[in-house]
Protein chains: 2
Amino acid sequence: MQRRVYDCQVGCPVESTLQFISGKWKSVILYHLIEEKVCHFGQLKRDLKDCSTRMLALQLVELEKDKLIQKNIYSEEPLRTDYTLTEFGATLIPVIRAMSEWGDRFNQLNG
Amino acid sequence: MQRRVYDCQVGCPVESTLQFISGKWKSVILYHLIEEKVCHFGQLKRDLKDCSTRMLALQLVELEKDKLIQKNIYSEEPLRTDYTLTEFGATLIPVIRAMSEWGDRFNQLNG
DNA sequence: CAGAATCCCACTCGATACTG
DNA sequence: CAGTATCGAGTGGGATTCTG
């Protein structure tokens, strides 16, 4: 689950952005976090039907490393965790929003 | 270079969008086409420094299959081709724009 | 519930060489 | 110039099992 290496010396802004959101499920995860504010692991697991447990965990780790999301652990039984956007992650809202709006329109036109 | 399989029955709009732009270099190619209107193969090759010839060709084929871009062939010597956005491809401009704007801001703040 | 660890195959994708 | 063809190493990522 390496982040892709884009050459950002040349300063291509799209490549810069991709470094953060190009992971297989990252933008979908961010989308759900934007819509639902707070998400548990199992909930994301259900939302992302085709994403394996392993993949979900890996993507969450990377998003957290990149400071886009924050993981909150509650030491209860049973174990409980949730994820929220950080302030930095929230700066991506316009990007994710643009993607979801395009997808919504596409879905409307194509059933 | 398969397009990724996201479950779009559930209608996640972000997944719908990703079906079109999640290829490794697709959004970067679209970005250059938006900025420069018309691009030749060799020009894109130079712009996308870390993208191999093979990858560039594959991504262009997929973008064309998806009707996002149009390939125009001129039977001259030497061979000449160029690529432009289709109308459908142009509907993605807000998405790509959002990505490039975020990347611009990020690059400013981080050198 | 929320993940980490292992296994392992299919596919990705770069390098190289070739074509019209 | 604008690609295609072939080869092969590397890894992405699913399935499964295990832990606290």
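Where a number appears in this text, it was derived from the coordinates with a stated rule and is not lab data. Model, not experiment: these values are computed from the prediction. Cβ: placed from backbone, ideal geometry, glycine included. Neighbour counts: every protein chain shown.
For chain A, a simple Cβ point-charge model (Lys and Arg +1, Asp and Glu -1, everything else neutral) yields a dipole of about 240 debye relative to the Cα centre. Charging the Cβ of each Asp and Glu at -1 and of each Lys and Arg at +1, and nothing else, the dipole of the protein assembly as shown about its Cα centre rounds to 440 debye. Listed values for the stretch A:75-81 are Karplus-derived 3J(HN,Hα) couplings in whole Hz (6.51 cos²θ - 1.76 cosθ + 1.60, θ = phi - 60°), namely 7, 10, 10, x, 3, 9, 9, and x replaces Gly and Pro.
P(r) for chain B, from all Cα pairs and a bin width of 5 Å, is 2, 11, 20, 22, 21, 12, 7, 3, 1, 0, 0 %, short bins first. For the stretch A:8-50, run through the trypsin sites (Lys or Arg not before Pro) and keep only the ones in DSSP coil with at most 12 other Cβ atoms within 10 Å of their Cβ. Those that pass, being in a loop and sparsely packed, are A:Lys37, A:Lys49. Between copies, the label points at B:Lys49 (set 7 angstrom from Cα along Cα-to-Cβ) are spaced 4.3 nm, reported in nanometres from shortest to longest. For the stretch A:48-111, applying the loop criterion from DSSP together with a ceiling of 10 other beta carbons within 10 Å to the GluC sites (Glu not before Pro) yields A:Glu76. Dividing the mean sequence gap of close Cα pairs (under 8 Å, 6+ apart) by how many residues chain B holds gives a relative contact order of 24 percent. Annotation: amide H-H contacts under 5 Å for A:Cys39 (H modelled 1.01 Å from N, sequence separation of 5 or more, or interchain): A:Tyr83.
Translational diffusion coefficient, Stokes-Einstein: compute it for the protein assembly as shown using the Kirkwood radius over C-alpha pairs as Rh, at 10 °C and 1.306 mPa s, and state it as an integer in µm² s⁻¹. It diffuses with D of about 86 µm²/s by this estimate.
Run down the lysines and flag those whose C-alpha is under 27 Å from the C-alpha of A:Lys24, throwing out any fewer than 8 positions away in its chain. Within reach: A:Lys37, A:Lys45, A:Lys49, A:Lys65, A:Lys67, A:Lys71, B:Lys24, B:Lys26, B:Lys45, B:Lys49, B:Lys65, B:Lys67. Chain B has one residue whose beta-carbon comes closest to the axis relating it to chain A; that residue and its distance in whole Å are B:Ala98, 2.
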